[in-house]
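Let me begin by presenting the structure, written as structure tokens, before commenting on it.
The values are calculated or read from the model by the stated rules, or taken from the named source; none is laboratory data. Treat the numbers as computed from the prediction; the structure is a model and nothing was measured. No Cβ is skipped: glycine too gets one built from the backbone with ideal geometry, and neighbour counts run over all protein chains shown.
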């Protein structure tokens with residue numbers, strides 16, 4: 001059964017609500033499609049090296065169509081609990097059939113993660129640039145167990161800056177969606193240089209232990225928004241982040 005456990009902080013309208021119903025349609029949003037594939041590949045590679053235990057507390061934060069849940073169904077690792085969290089109900093609904101039956105679903109702003117009252121051994125945050133803020137990283141630090149880790153991906157800084165500099169309607173701290181209705185909708189997108197991302201995480205008391213990139217050459221297709229990149233250009237960046 002698909003259950004959404006509401007929290008008071010989720011009362012406000014989520015930025016992704018207008019996009020959620022069509023976000024995963026590759027014909028309407030091909031860039032989102034290839035970004036999602038590349039992000040999932042990076043995260044799944046890192047999940048293979050995580051030490052899952054029967055008491056592991058897991059969280060997919062800003063989950064949308066959950067990478068963690070889908071991987072867990074295929075590989076059946078040991079774990080104690082799995083929380084699937086998203087601020088947008090339309091985005092969260094994409095995980096309904098992609099997670100283990102024991103997973104619990106929460107409609108919650110990522111920055112309010114401590115409201116769940118758990119200490120997580122693993123937090124997965126795929127394409128988490130919409131909430132890549134100091135408040136978010138303080139929340140993650142507060143919610144990770146000692147020795148816990150976060151697998152966090154964003155579009156690469158190289159792609160974000162080069163693409164968003166190309167059009168007068170683009171913004172450096174926002175992603176523009178052209179919806180099937182004809183409307184245009186901006187959502188937050190905070191993407192930083194690798195060194196600046198490391199510093200942002202460190203200010204919250206966390207440590208980046210690994211950085212990996214997916215390049216344009218690794219993608220299954222090249223949508224127009226990526227056509228200006230060379231094959232070796234980074235497209236998606238993964239940060240493995242640890243709590244001491």
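Within the set 220, 215, 209, 230, the sole residue that is in contact with a strand residue (DSSP E or B) (Cβ under 8 Å, 6 or more places away or on another chain) and surrounded by fewer than 15 Cβ atoms within 10 Å (Cβ to Cβ) turns out to be 209. Within region 165-182, the only residue that satisfies the criterion of being more than 23 Å from the chain's Cα centre (by Cα), at pLDDT 85 or above and surrounded by 10 or more Cβ atoms within 10 Å (Cβ to Cβ) is 180. Looking at the structure I just gave you, is residue 148 in contact (Cβ under 8 Å) with a residue 24 or more places away in the chain and either surrounded by fewer than 17 Cβ atoms within 10 Å (Cβ to Cβ) or on the phi > 0 side of the Ramachandran plot (or both)? Answer is no for this residue. Can you say whether residue 160 is in a helix (DSSP H, G or I) and within 17 Å of the chain's Cα centre (by Cα), as far as the supplied structure shows? When the stated conditions are applied, residue 160 passes them.
Okay, residues lined up against (1) in contact with a strand residue (DSSP E or B) (Cβ under 7 Å, 6 or more places away or on another chain); (2) surrounded by 15 or more Cβ atoms within 10 Å (Cβ to Cβ); (3) modelled with pLDDT under 95; (4) farther than 28 Å from residue 176 by Cα:
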{"site": "8", "(1), (2), (3), (4)": "no, no, yes, yes"}
{"site": "13", "(1), (2), (3), (4)": "no, no, yes, no"}
{"site": "22", "(1), (2), (3), (4)": "no, yes, no, no"}
{"site": "39", "(1), (2), (3), (4)": "yes, yes, no, no"}
{"site": "46", "(1), (2), (3), (4)": "yes, yes, no, yes"}
{"site": "51", "(1), (2), (3), (4)": "no, no, no, yes"}
{"site": "56", "(1), (2), (3), (4)": "yes, yes, no, yes"}
{"site": "60", "(1), (2), (3), (4)": "yes, yes, no, no"}
{"site": "70", "(1), (2), (3), (4)": "no, yes, no, no"}
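With respect to residue 139, determine if the residue is crowded, with 21+ Cβ neighbours inside 10 Å, over 30 Å from residue 232 (Cβ atoms) and in contact (Cβ under 8 Å) with a residue 12 or more places away in the chain.
yes
Counted as qualifying within region 163-244 are the strands (runs of 3 or more DSSP E) with 3 or more residues that are free of Cβ contacts under 8 Å to residues at least 24 places away in the same chain, namely 174-178.
State yes or no: is residue 83 closer than 19 Å to residue 144 by Cβ, modelled with pLDDT of 95 or more and buried (at least 22 other Cβ atoms within 10 Å of the Cβ)? The answer is yes for residue 83. Among the residues of region 130-148, is there at least one that is farther than 26 Å from residue 69 by Cβ, modelled with pLDDT of 95 or more and out of contact with any strand residue (DSSP E or B) (no Cβ under 6 Å at 6 or more places or on another chain)? Scanning region 130-148, I find at least one residue that is farther than 26 Å from residue 69 by Cβ, modelled with pLDDT of 95 or more and out of contact with any strand residue (DSSP E or B) (no Cβ under 6 Å at 6 or more places or on another chain), so the answer is yes.
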